[in-house]
1. For segment 148-190, give the percent of accessible area contributed by carbon and sulfur heavy atoms, probe 1.4 Å, rounded to a whole number.
2. Can you grab the distance from the C-alpha centre of segment 337-373 to the C-alpha centre of segment 141-166, Å, no decimals?
3. When the chain is modelled as a GNM with alpha-carbon springs shorter than 10 Å, which of 36, 120, 278 fluctuates the most?
4. Using a cut-off of 16 Å between alpha-carbon atoms, which aspartates and glutamates can reach residue 38, once sequence neighbours fewer than 8 places away in the same chain are excluded?
5. Before rounding to the nearest 500, sum -39500 (n - 2.57) across all DSSP H runs of length at least 4 in the chain and divide by the residue total; then give [θ] at 222 nm in deg cm²/dmol.
6. So how compact is segment 52-183: Cα radius of gyration and Dmax in angstrom?
7. Output the 0 to 90 degree angle, nearest 10, between the alpha-carbon long axis of helix 364-375 and the longest principal axis computed from the alpha carbons of the chain.
8. Test of understanding: given the chain, find the longest segment containing no GluC sites (Glu not before Pro) that are in a DSSP loop and have at most 13 other Cβ atoms within 10 Å.
Amino acid sequence: MKNIALHWKILIGMALGVLFGWIASTFGWQEFVSDFIKPFGTIFINLLKLIAVPLIIVSLIKGVSDLKDISKLSKMGGQTIGIYLFTTLFAVIIGLLAVNIIGPGKSISDETRKGLLSEFESKAQGKIDIALQQKDEGPLQALIDLVPSNIFSAVTDNGNMLQVIFFVIFFGIGLILIAPEKAEPVKKFFDGLNEVILKMIDLVMLAAPIGVFALMADLIVQAPSSELISALLKYSMTVLLGLSIMIFGLYPLMIKLFTGKSYRFFFNGIAPAQLLAFSTSSSAATLPVTMERVTEHLGVDEEVSSFVLPIGATVNMDGTSLYQAVAAVFIAQAFDIDLTLMDQLTIVATATLASIGSAAVPSAGMVMLVIVLSAIGVPEAGLSLIFAVDRPLDMCRTTVNVTGDATVSMLVAANVGKLHNPKEKKWDDFKK
Ligand code: ASP
């Protein structure tokens with residue numbers, strides 16, 4: 001077992017988890033799974049989340065201060081945002097094309113629609129309430145939210161990542177601007193702290209196969225066995241087709257064109273982060289591992305990864321934007337609402353913004369979908385139509401979100417001359 005690569009161990013953990021979940025469902029051990037298996041999955045996710053905020057603070061301070069001058073920072077920032085926006089728009093357009101061509105909502109019968117609406121009505125209402133609360137805020141609320149009034153309260157909430165990033169970049173800029181001899185001890189302190197946190201990630205990842213085993217077993221036990229799910233198969237296939245185009249088409253193409261690296265190299269490096277994104281459905285929880293893989297295995301300099309990835313995890317969600325476009329049109333089709341070209345363009349704009357606004361946590365994309373639906377006048381209750389299959393699709397779109405962030409970090413690194421040959425593998429070192 002010792003020499004098996006980490007992503008294989010995680011895959012084995014996942015497969016065993018699915019198998020165990022299936023056996024548990026068959027024999028009615030649901031309670032056992034939720035009492036004695038699920039907690040290990042929760043502990044694993046908590047450990048990852050625990051590291052996320054300190055990691056962002058430490059590595060971003062190190063990253064920004066290593067840049068040495070502000071013009072480098074703004075150049076990298078401009079590139080990062082530009083490429084993120086491009087991939088998100090591309091994803092929405094792919095989603096729209098797929099859902100309009102395939103038309104998965106057109107074949108839904110009245111009976112199925114009523115069945116889905118009534119079965120998931122109450123669960124969907126919860127999401128709609130959260131989204132409406134956000135919608136009532138003014139147009140510049142997002143900008144206001146970016147600037148924390150108290151850094152300590154910002155760091156106590158994992159949902160405030162952008163506020164933390166804002167503070168840290170601000171701090172880093174201050175550090176660049178002061179006299180080098182004064183900045184040196186501060187930098188050295190954060191350098192050391194950075195090493196400690198990376199080591200903590202290594203340690204947490206040793207438990208990854210067990211963590212994903214528990215997460216998958218619990219997921220399978222909870223899966224709705226409704227036959228209505230088959231009605232949603234076509235919709236799910238449409239989302240998956242779009243996501244596959246991103247993972248197997250756009251990203252490898254961008255990597256090949258702009259960095260010259262093969263997808264095999266990329267996949268081998270990033271696979272553990274992808275598998276973790278898949279099993280946790282959270283880009284934020286996956287962030288520590290994404291950072292580690294991209295830096296240690298894909299050769300992206302920490303200066304770049306520590307800047308590009310935390311921002312990406314919070315704002316760049318290609319999988320989510322694609323899913324939101326497909327879901328919005330699917331629901332409109334199911335309700336027999338014709339969408340004009342203007343409506344479709346509205347989806348491009350709102351899905352882009354809604355994905356940027358989605359938190360990097362499970363089912364956040366579904367909450368923000370309400371905003372897309374209301375912009376094109378489709379009943380929000382339509383959320384109930386897609387509720388049953390949201391979790392598996394969330395797992396897949398999160399994988400795309402994380403892969404997109406990693407891709408962009410390689411591109412930016414190549415652009416600013418900070419893409420190296422990867423260092424020695426950390427986990428392998430650790431095993432020795
Ligand atoms: N779970 C996704 C993520 O963390 C967000 C979403 O719900 O689409 O990246």
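1. Working: 1840 of 2680 Å².
After summing per-atom areas, the C and S share lands at 69 percent.
2. With segment 337-373 and segment 141-166 each reduced to a Cα centre, they are spaced 23 Å.
3. Result: 36 has the largest fluctuation of those listed.
4. Of all the aspartates and glutamates, those that pass the test against residue 38 - Cα under 16 Å, at least 8 places apart if same chain - are 218.
5. Taking each H run of at least 4 residues, the total per residue is -25500 deg cm²/dmol.
6. That works out to 22.0, 73 Å for Rg and Dmax.
7. 60 degrees
8. 138-423
The values are calculated or read from the model by the stated rules, or taken from the named source; none is laboratory data. Predicted model, so just to flag it, every value in this text is computed and none were measured. Reconstructed Cβ throughout: ideal geometry from the backbone, glycine too, with neighbour counts over all protein chains shown. In case anyone asks, the SASA skips ligands and DNA or RNA and just uses the protein heavy atoms, side chains included. Shrake-Rupley method; radii C 1.70, N 1.55, O 1.52, S 1.80 Å.
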